Each structure stands twice: as structure tokens, then as C-alpha cells.
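The values are calculated or read from the model by the stated rules, or taken from the named source; none is laboratory data. What you see is a predicted model; the values in this text were computed from it and never measured. Note: ideal-geometry Cβ built from the backbone for every residue, glycine included; neighbour counts use all protein chains shown. Only protein heavy atoms, including side chains, enter the accessible area calculation; ligands, DNA and RNA are left aside. Shrake-Rupley method; radii C 1.70, N 1.55, O 1.52, S 1.80 Å.
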Amino acid sequence: DVEKLISAKNKIQKTFIQKNDEREEQKSKINTAQDGHNVESDMEVRIDDTLYNSFILHSYGKNVAEIIEKRKKCDWFIPISNGKGIYIEYWGMDTPKYVEDRKEKEELYKKYNIPYIGIEKDDPKQDTQTFTNNLLRELRKTAIEYFGFMPEWKK
């Protein structure tokens, strides 16, 4: 009986240690941008930091209010006028499920005429200045196309 108790105790301890290690590993995977947003990857840190350092007001992980039949979250939302704005998506994976979800989300953005910018997983690998310039140019172009202007936020 004592051996069974010791064996059971050791199994419980191993399980506890494994779960604790998994939690620690999850914590270490948290990527925090300069503005405090916890994002999912190094590339998302780079995108968020580009917005933050360019003084562009933005939120991360907001529900896309215009999509009514399904609950969808964007990667970033840039408010422009009267609660409307531009959504930014970083397409960082290519698993079959992810590709399917991406296609569905892009179709919904198109269906509701929602302004959005898609960033491919290879786009941010350019040098920082080129990536920043391209993102800001695309953001300004999209804002002018949909809203007629690009707001200036205070530095």
C-alpha cells in the first residue's frame, strides 16, 4: 500500500511540474509591444510598434462591429471618423484552418465594404524603414480612399 501511495504521489508531482512548465512556457511566448499590447508574434510586435512610433491611434484585437453574422476580431483597428476606421490583418500562418479562416474574413470585409489592409507574413521581413514607409503609405491611401482624409494624431 505504501508503494502505491508513493507512486501515486510521484505521478501527481510529475503532472504538477509538467503543467507548471507548460504555464511558464506560455508566459514566455507573450510578446509585448512598446505600448503594452500583448500580441501573438515578433512580427506583430513590429507592426504594433510601427503604429505606436508613428503616433497612429490604434487598438489590438477589437471585434469587427460591421460584421454581424459572425463574431470576428481584427488584429488592429485604426479609428478614422465616427467610430469607423481601417482594419489591419497580419496573415502570419498558412495552416489549412488558418487559410480557410482568412478567406472567410476577407470575404466578409469585401461583403460589408470594410476598409482593411492585409500584411503578408513575408512583408515585415524587409528592413524596418521600408516596412514602416510601405505600411504608412498604404494606411494613408486607404484612409483617403474610404474617408476622404487621413487624421493627424498628436505627438
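Worth a mention:
- Any hit, region 116-132, residues being closer than 13 Å to Gly85 by Cβ, in contact with a strand residue (DSSP E or B) (Cβ under 8 Å, 6 or more places away or on another chain) and either surrounded by 15 or more Cβ atoms within 10 Å (Cβ to Cβ) or in contact (Cβ under 8 Å) with a residue 40 or more places away in the chain (or both): yes
- Condition met for Glu66 (free of Cβ contacts under 8 Å to residues at least 24 places away in the same chain and open to solvent by 20 Å² or more (accessible area, probe 1.4 Å)): no
- Within the option set Glu89, Glu104, Glu40, being out of contact with any Asp or Glu (no Cβ under 8 Å at 6 or more places or on another chain), among the acidic types (Asp, Glu) and surrounded by 16 or more Cβ atoms within 10 Å (Cβ to Cβ) holds for one residue only, Glu40.
- Single residue of region 1-46 satisfying the filter (of a type in the set (A, V, I, L, M) and closer than 26 Å to Asp122 by Cα) that is modelled with the lowest pLDDT: Ile30
- Residue within region 50-60 that is under 20 Å from His37 (Cα atoms), in contact with a Leu (Cβ under 6 Å, 6 or more places away or on another chain) and either loosely packed, with under 12 Cβ neighbours inside 10 Å or without any contact (Cβ under 8 Å) to a residue 40 or more places away in the chain (or both) present: yes
- Candidates in region 55-88 are the residues that are among the β-branched types (Val, Ile, Thr) and closer than 25 Å to Lys103 by Cβ; of these, the one that is modelled with the lowest pLDDT is Ile68.
- Any hit, region 135-148, residues being part of a helix (DSSP H, G or I), surrounded by 15 or more Cβ atoms within 10 Å (Cβ to Cβ) and in contact with a helix residue (DSSP H, G or I) (Cβ under 7 Å, 6 or more places away or on another chain): yes
- Residue selected from region 71-101 under the condition of a type in the set (D, E, K, R) and touching a residue at least 12 places away in the same chain (Cβ under 8 Å), by the criterion nearest to His37 (Cα to Cα): Asp75
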